[in-house]
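In what follows, a single structure is set out as structure tokens and then discussed.
The values are calculated or read from the model by the stated rules, or taken from the named source; none is laboratory data. What you see is a predicted model; the values in this text were computed from it and never measured. Here Cβ is always computed from backbone atoms with ideal geometry, including for glycine, and neighbour counts include all displayed protein chains.
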Amino acid sequence: MLANPINLEEKFNKFSKHWSPRVIAEMNDYQFKLVKIQGEFTWHDHPNTDEVFIVIEGSMEIELRSQKIFLSAGEMFIVPKGVEHKPFAEDECKIMVVEPQGVFNTGEAGGELTAPNDIWI
């Protein structure tokens, strides 16, 4: 299989909607998703998987029930499975999320911010 490098900036330029993950690659059963975030998300967890947040541009926080995690460009954090969390970004922040195929962005919490899965760019 031949492949080309994936340019993150080029991929981010293909969408503008916040809280709407876009798949850019798969490895085994995992998807690499780009997301533009701004404002507050919803409290949720993923009972069966950890979730990796990698900040590409900007800054964000991930509120846990016990603490707040602050992330800037070039930093990452892994939210362990089953841990409730609520991402937030005052200004637009560009992130990559790594998680298994089929995981919804709001976990089982649902709501108006639940994005469809498997939207590729």
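Some values worked out for this structure:
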item: Enumeration of residues in segment 20-60 that are among the β-branched types (Val, Ile, Thr), crowded, with 21+ Cβ neighbours inside 10 Å and closer than 14 Å to Ile6 by Cβ; result: none
item: When residues of segment 10-26 are limited to those that are in contact (Cβ under 8 Å) with a residue 40 or more places away in the chain and part of a loop (DSSP other than H, G, I, E, B), the one nearest to Gln101 (Cα to Cα); result: Pro21
item: Residue that is nearest to Ile37 (Cα to Cα) [pool: residues in segment 62-113 that are surrounded by fewer than 18 Cβ atoms within 10 Å (Cβ to Cβ) and of a type in the set (Asp, Glu)]; result: Glu92
item: Hey, Val52 at pLDDT 95 or above, farther than 17 Å from Thr114 by Cβ, touching a strand residue (DSSP E or B) at 6+ places or on another chain (Cβ under 8 Å) and not in a loop (DSSP other than H, G, I, E, B) or not; result: yes
item: Residue match in segment 55-78 (condition: in contact with a helix residue (DSSP H, G or I) (Cβ under 9 Å, 6 or more places away or on another chain) and either part of a loop (DSSP other than H, G, I, E, B) or in contact (Cβ under 8 Å) with a residue 60 or more places away in the chain (or both)); result: no
item: Residue, nearest to Gly58 (Cα to Cα), within segment 9-19, restricted to residues that are exposed (fewer than 15 other Cβ atoms within 10 Å of the Cβ) and either over 14 Å from the mean Cα position of the chain (by Cα) or at pLDDT below 95 (or both); result: Glu9
item: All positions within segment 27-49 that are assigned to a strand (DSSP E or B) and either over 17 Å from Leu8 (Cα atoms) or under 12 Å from the mean Cα position of the chain (by Cα) (or both); result: Tyr30, Gln31, Phe32, Lys33, Leu34, Val35, Lys36, Ile37, Gln38, Gly39, Glu40, His44
item: Index of the failed condition, Glu99 passing every other in (1) modelled with pLDDT of 95 or more; (2) assigned to a strand (DSSP E or B); result: (1)
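Yes/no per residue for (1) touching a Lys or Arg at 6+ places or on another chain (Cβ under 7 Å); (2) aromatic (Phe, Trp, Tyr); (3) touching a residue at least 24 places away in the same chain (Cβ under 8 Å):
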site: Glu84; (1), (2), (3): yes, no, yes
site: Val97; (1), (2), (3): yes, no, yes
site: Thr106; (1), (2), (3): no, no, yes
site: Gly110; (1), (2), (3): no, no, no
